[in-house]
Amino acid sequence: MLFAEWGFPRMSARVLMTLMTTEEKGLTAGDLSQRLGASPAAVSGAVRHLQQAGLIAREPVPGSRSDLYLLPDDAWYLGTATKQSLFTQLIATTEKGIEPLGGPGTKAGARMTEMRDFFTFAHQEMEGALERWRTMRAQRTA
């Protein structure tokens, strides 16, 4: 429910938490559908969303037409790192929009400048945080 309150699609949140809490390596779409009491279509949409976000991986089940959905060892890192390209795109887009809005001296240009500056800051901070996480994780697993 917490993820859903943050705007994360509810079924994606349910699938993610089901994968987080299973003792198995991963689960098939059928397993997820059964455990969640959800339609195969709903599960399909959720796993597609989670794959695009970099939070889950898919691997084929040998001798079957099914796929196993699982959490990579570094799912949170991958999901966050994937979002870095979004920051880059937002920065570039807002940069292009400042002058056509009259520059930073206009109200609209100032808002666009503030948006660019915020995402530039967030991008730089996240890059540093991701690097510190890699270092801390490597030390912890060494």
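Read the figures in this text as sums done on the coordinates, not as results from a lab. The shown structure was predicted, so the numbers you read here are calculated from the model rather than taken from an experiment. No Cβ is skipped: glycine too gets one built from the backbone with ideal geometry, and neighbour counts run over all protein chains shown.
Observations, loosely collected:
- Helix 40-52 axis, angle to the chain major axis (alpha carbon atoms, nearest 10°): 50
- Relative contact order (%) - the chain, alpha-carbon pairs under 8 angstrom, separation at least six: 16
- Here the spin labels are modelled as points 7 Å beyond Cα on the Cα-Cβ line, and at GLU24 and SER64 they lie 0.6 nm apart.
- Stretched out straight at 0.36 nm per residue, the stretch from GLN89 to PHE3 would grow longer than its current Cα-Cα span by 28.5 nm.
- Backbone amide hydrogens, once placed in the peptide plane, bring LEU68 within less than 5 Å of GLU59, VAL61, excluding anything fewer than 5 places away on its chain.
- Positive minus negative residues near ARG14 (Lys, Arg vs Asp, Glu; Cβ under 15 Å): +1
- Set of lysines with alpha-carbon distance to LYS96 below 29 Å, sequence-local pairs under 8 removed: LYS83, LYS107
- Angle in degrees between helix 107-141 and the longest Cα principal axis of the chain, rounded to the nearest 10: 40
- In Hz, Karplus ³J(HN,Hα) per residue of region 83-89 (6.51, -1.76, 1.60; θ = phi - 60°; x = Gly, Pro): 6, 4, 5, 5, 4, 4, 5
- Tensor-based shape of the chain (alpha-carbon gyration tensor, a/c under 1.5 rounded, otherwise prolate or oblate): prolate
- Approximating the spin labels as points 7 Å out from Cα along Cα→Cβ, the ASP73-to-ARG48 distance works out to 3.1 nm.
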